[in-house]
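The values are calculated or read from the model by the stated rules, or taken from the named source; none is laboratory data. The shown structure was predicted, so the numbers you read here are calculated from the model rather than taken from an experiment. Note that each Cβ is placed from the backbone with ideal geometry, even for glycine, and that neighbours are counted across all protein chains shown. Note: accessible area is taken over every heavy atom of the protein model, side chains too, but ligands, DNA and RNA are not part of it. Shrake-Rupley method; radii C 1.70, N 1.55, O 1.52, S 1.80 Å.
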Amino acid sequence: MKRTDYITWDEYFMGVAKLSGMRSKDPSTQVGACIVSQDNKILSMGYNGFPIGCSDDEFPWDKKGEEEDTKYPYVTHSELNAILNYRGGSLAGAKLYVSLFPCNECAKAIIQSGIREIIYECDKYADTPAVRASKRMLDAAGVSYRQYESAGRNVTIEL
Ligand SMILES: [Zn+2]
């Protein structure tokens, strides 16, 4: 008899996305993304952080203040990092697992890269203009999205 307590594909890829998010140095929000081919091969991963060469110790992580003294102009979101980290060619037809619903800027990159499905965990900014604009573009482009349904499984990994 085969084992029956193995994790599902959705749990596997959302787990990888969330593990990737744990690499982020952002003190308030850790978001992770995992891009997967249609036949369930992991293609790329990403988390929110500053571009290469922009030091986590020198650039600001603040959320308030003059715009250029906050993290917002500098941080690259996990979805965009995952897309840019991919070195294999086309992402056409791929799926994106992400722990937070993509903003409008990431939605543009998702659409343009050819990703066709988004599986997201949290949508806590659903009422913001950025997420409303994101959904408007995704709907127009025919990119589908669905919320990840957690079965409440807890996985412990000793690292
Ligand atoms: Zn974004």
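The table below lists the values:
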item: Residue satisfying condition, being open to solvent by 20 Å² or more (accessible area, probe 1.4 Å), modelled with pLDDT of 95 or more and acidic (Asp, Glu), within set Asp26, Asp39; result: Asp39
item: Neighbours by Cβ (under 9 Å, 6+ apart or cross-chain): first from the range 129-148, in a helix (DSSP H, G or I); second of a type in the set (Lys, Arg); result: Ser134/Lys108; Met137/Lys108
item: From Leu96, Leu100, residue being touching a residue at least 40 places away in the same chain (Cβ under 8 Å), open to solvent by less than 10 Å² (accessible area, probe 1.4 Å) and either under 10 Å from the mean Cα position of the chain (by Cα) or more than 9 Å from the ligand (Cβ to nearest atom) (or both); result: Leu96
item: For Arg87: the one exception among (1) open to solvent by 30 Å² or more (accessible area, probe 1.4 Å); (2) modelled with pLDDT of 95 or more; result: (2)
item: Filtered residues of the range 73-91 (kept if assigned to a loop (DSSP other than H, G, I, E, B) and in contact with a helix residue (DSSP H, G or I) (Cβ under 7 Å, 6 or more places away or on another chain)); result: Pro73, His77, Leu91
item: Odd one out for Lys135, checked against (1) open to solvent by 60 Å² or more (accessible area, probe 1.4 Å); (2) within 15 Å of the ligand (Cβ to nearest atom); (3) of a type in the set (Lys, Arg); result: (1)
item: Pair list, Cβ < 9 Å and 6+ apart or interchain, from the range 105-124 residues that are under 16 Å from Val16 (Cβ atoms) and in contact (Cβ under 8 Å) with a residue 40 or more places away in the chain to residues that are within 12 Å of the ligand (Cβ to nearest atom) and aromatic (Phe, Trp, Tyr); result: Glu121/Phe101
item: Selection count, the range 46-59, where residues are open to solvent by less than 80 Å² (accessible area, probe 1.4 Å) and closer than 12 Å to Lys25 by Cβ; result: 8
item: Neighbours by Cβ (under 7 Å, 6+ apart or cross-chain): first from the range 70-83, within 9 Å of the ligand (Cβ to nearest atom); second of a type in the set (Val, Ile, Thr) and assigned to a loop (DSSP other than H, G, I, E, B); result: His77/Val31; Ser78/Val31
item: Scan of the range 109-132 for residues that are of a type in the set (Phe, Trp, Tyr) and surrounded by fewer than 16 Cβ atoms within 10 Å (Cβ to Cβ), ordered by number; result: Tyr125
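So that you can scan it fast, the table gives a plain yes or no per residue for (1) farther than 18 Å from Asn154 by Cβ; (2) open to solvent by less than 30 Å² (accessible area, probe 1.4 Å); (3) assigned to a loop (DSSP other than H, G, I, E, B):
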position: Met1; (1), (2), (3): yes, no, yes
position: Ala17; (1), (2), (3): no, yes, no
position: Ile35; (1), (2), (3): yes, yes, no
position: Ser44; (1), (2), (3): yes, yes, no
